[in-house]
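Colleague: The structure is given below, and queries will be raised subsequently.
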Amino acid sequence: MSNFFDAKYATLKPYTPGEQQRGKKIVKLNTNESPYPPSLAVRQAVAKEAKNLNLYPDISGGMLFTELAKAFNVKRENVFAGNGSDEILAFIFQAFCPNGAAFADLTYGFYSVYANLYRVKTELIPLRDDFSLCAEDYIKKGKTIFIANPNAPTGLAITKDDVEKILLANRENLVVIDEAYVDFGAESSTSLLKKHKNLLVVGTFSKSRSLAGARLGYALGAKDIIEEMERVKYSFNPYNINQMTMAAGAAALQDKEYYKNCQNKIIETRDKTIESLKKLGFNCTKSQANFIFCSHKQCKAKYIYKSLKALGILVRWFDVSGIENYLRISVGSTKEMKSLLCALKQIVQEGKP
Ligand SMILES: *Cc1c(COP(=O)(O)O)cnc(C)c1O
């Protein structure tokens with residue numbers, strides 16, 4: 001530690017992102033990106049904005065907010081946007097957890113990283129043995145609740161009815177539903193917003209809208225909550241979203257058909273890959289996300305992870321007790337999944353990397 005670093009940050013535990021190697025030969029299935037590029041309309045919208053980069057971004061958000069409100073059937077006043085949903089989650093941990101936070105013991109890693117950064121007391125709620133999340137475990141928590149739905153890295157989702165149970169059982173507290181993966185088959189909770197003022201739905205363009213590199217997330221909630229989020233943002237970085245990203249987001253929301261088609265392809269590839277993995281001796285959760293969470297009956301996950309890496313295929317292995325024998329594999333293109341299955345066959349059946 002240098003003499004200049006504030007000691008109160010000495011114990012920071014930063015998030016560990018998946019490896020970001022690039023190159024033609026790498027099959028990258030480790031950070032749940034979309035294998036499909038942004039639509040042509042999105043790329044054109046981005047190119048068009050380049051000429052305006054001498055100006056600060058349009059602080060009103062313009063078309064992006066109009067399109068977000070339209071897409072989720074809410075008013076403009078119910079929409080917030082951030083530099084990735086990670087930034088939005090950071091604002092929530094910073095400013096909306098006066099009594100602490102409660103979330104699953106196995107969920108998106110950034111929740112505990114932000115809790116640690118902002119000194120938010122945390123209650124970890126264990127998932128059941130089959131990794132399912134039970135609404136009954138989330139009654140009267142007295143804290144801000146965070147639920148990734150579908151959950152990461154398990155891929156399992158809860159129903160909208162379960163979300164409503166949790167909202168009703170925690171009326172005095174904010175319930176944050178992180179819908180990063182909702183477009184791959186789970187039920188969205190956005191229709192509950194009109195009825196439940198303690199609900200905040202958070203989403204991202206990184207997964208189902210092929211814009212991980214653009215950094216764009218959104219939050220939907222009651223007007224007063226959104227106003228307070230704006231106050232936090234304006235105290236930190238009023239220009240949190242760049243102009244090209246705003247244009248990309250608006251265009252992506254307009255290009256519904258392209259993205260629906262990509263999402264359907266990913267769902268289909270996921271389900272087919274799960275079937276093939278089962279034949280190779282893997283147990284897989286019933287994932288409703290764009291990744292597969294699986295464990296092999298004989299072969300250790302760490303060995304498979306390393307063997308795949310040696311073959312140029314990146315998947316995610318977590319050195320976390322309880323899931324140390326699991327792999328999280330992002331759903332790529334059909335070609336990428338073919339390479340994956342071919343490599344796995346060699347590794348688990350023939351024992352050679
Ligand atoms: C990927 C992910 C995010 C963050 O997405 P960005 O918008 O890229 O910051 C948030 N929550 C969950 C559960 C995720 O998996």
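Colleague: Kindly put I226, I145, I139, I292 in sequence by how many other C-beta atoms sit within 10 Å of each C-beta, fewest to most. Walk me through the numbers on the way to the answer.
Modeller: Numbers: I226 20, I145 23, I139 11, I292 26.
The fewest-first ordering by Cβ neighbours comes to I139, I226, I145, I292.
Colleague: Only Cα pairs under 8 Å and at least 6 apart count here; give the relative contact order of the chain as a rounded whole percent. Display every interim value, and only then the final one.
Modeller: Details: 624 pairs, mean separation 81.2, N = 353.
Taking the mean separation of contacting Cα pairs over the length of the chain, I get 23 percent.
Colleague: Do the sum for the chain: with -39,500 (n - 2.57) for every DSSP H run of n ≥ 4, divided by all residues, what is the mean residue ellipticity at 222 nm, to the nearest 500 deg cm²/dmol? All intermediate terms of the calculation are to be shown ahead of the outcome.
Modeller: On the way: 10 runs with 124 residues, N = 353.
It lands at -11000 deg cm²/dmol.
Colleague: Give me, ordered by chain and number, the residues 5 or more places off T204 or on other chains with an amide H under 5 Å from its own placed amide H.
Modeller: For T204, the qualifying residues are Y218.
Colleague: I would also like to ask the following. Using amide H atoms built in the peptide plane, which far-off residues or other-chain residues are under 5 Å from A104 H to H?
Modeller: Sorted by chain and number, the residues that satisfy this are I125.
Colleague: In this model, which of K286/K306; K13/K141; K75/K272; K8/K233; K28/K260 are farther than 28 Å apart at the alpha-carbon?
Modeller: Values: K286/K306 25 Å; K13/K141 25 Å; K75/K272 39 Å; K8/K233 23 Å; K28/K260 22 Å.
The pairs that break the limit, which is 28 Å between Cα atoms, are K75/K272.
Colleague: Turning to a different aspect of this structure: Residue by residue, what Karplus-based ³J(HN,Hα) values in Hz, rounded to whole numbers, does segment 42-57 have, using 6.51, -1.76 and 1.60 with θ = phi - 60° and x for Gly and Pro?
Modeller: After applying 6.51 cos²θ - 1.76 cosθ + 1.60, I find 5, 5, 5, 4, 5, 4, 5, 6, 4, 5, 9, 6, 6, 9, 5, x Hz.
Colleague: Run through the DSSP bridge list for the chain and note the antiparallel percent, rounded to the nearest 5.
Modeller: On the way: 17 of 34 bridges.
Of those bridges, close to 50 percent are antiparallel.
Colleague: Return the unpartnered cysteines for the chain, using a Cβ-Cβ cut-off of under 4.7 Å.
Modeller: Lacking a cysteine Cβ partner under 4.7 Å: C97, C134, C262, C299, C342.
Colleague: In addition: Taking θ as phi - 60°, what are the ³J(HN,Hα) couplings along segment 99-108 by the Karplus curve (6.51, -1.76, 1.60), each to the nearest whole Hz, with x for Gly and Pro?
Modeller: Values, residue by residue: 10, x, 10, 10, 7, 5, 6, 10, 7, 4 Hz.
Colleague: Name the chymotrypsin sites (Phe, Trp or Tyr not before Pro) in segment 204-234 that are in a loop by DSSP and that have at most 12 other C-beta atoms within 10 Å, would you? Show your work: numbers first, answer last.
Modeller: Values: sites: F205, Y218, Y234; in loops: F205.
When the chymotrypsin sites (Phe, Trp or Tyr not before Pro) of segment 204-234 are filtered for loop state and at most 12 Cβ neighbours within 10 Å, nothing remains.
Colleague: Could I ask something else about it? Projected onto the charge dipole of segment 137-254 (+1 at Lys/Arg Cβ, -1 at Asp/Glu Cβ, origin at the Cα centre), which of A186, I166, Q243 gives the Cα projection farthest towards the positive end?
Modeller: Q243
Colleague: Considering the options A212, F4, A343, tell which one lies farthest towards the positive end of the dipole of the chain, charges being +1 on Lys and Arg and -1 on Asp and Glu at the Cβ, about the Cα centre.
Modeller: Toward the positive end, the furthest listed residue is A343.
Colleague: From the phi of every residue in segment 278-287, what ³J(HN,Hα) in whole Hz does the Karplus formula 6.51 cos²θ - 1.76 cosθ + 1.60 yield, where θ is phi - 60° and glycine or proline is x?
Modeller: 4, 5, 8, x, 9, 9, 10, 6, 7, 5
Colleague: Moving on to the next point. Does anyone have the angle between helix 243-254 and the longest principal axis of the chain? Alpha-carbon axes, 0 to 90°, nearest 10?
Modeller: 70
Colleague: Suppose every Lys and Arg Cβ carries +1 and every Asp and Glu Cβ carries -1, with no other charges. What dipole size does segment 265-337 come out with about its Cα centre, to the nearest 20 debye?
Modeller: Numbers: 14 positive and 6 negative charges, 25 e Å.
About 120 debye.
Colleague: Here's a follow-up. Nothing charged except the Cβ atoms of Lys and Arg (+1) and of Asp and Glu (-1): what's the magnitude of the dipole of the chain about its Cα centre? Round to the nearest 20 debye.
Modeller: Its charge dipole is roughly 1000 debye.
Colleague: Which of the aspartates and glutamates could be linked to K197 by a straight reach, that is with a Cα gap under 13 Å, when you skip same-chain ones fewer than 8 residues away?
Modeller: E164, E172, D224
Colleague: Positive end of the charge dipole of the chain (Lys, Arg +1 and Asp, Glu -1 on Cβ, about the Cα centre): tell me which of Y114, Y259, L156 has its Cα farthest that way.
Modeller: Y259
Read-outs: derived from the displayed coordinates by stated rules, not from any lab. Since the model is a prediction, treat every value here as computed from it, not as a measurement. Reconstructed Cβ throughout: ideal geometry from the backbone, glycine too, with neighbour counts over all protein chains shown.
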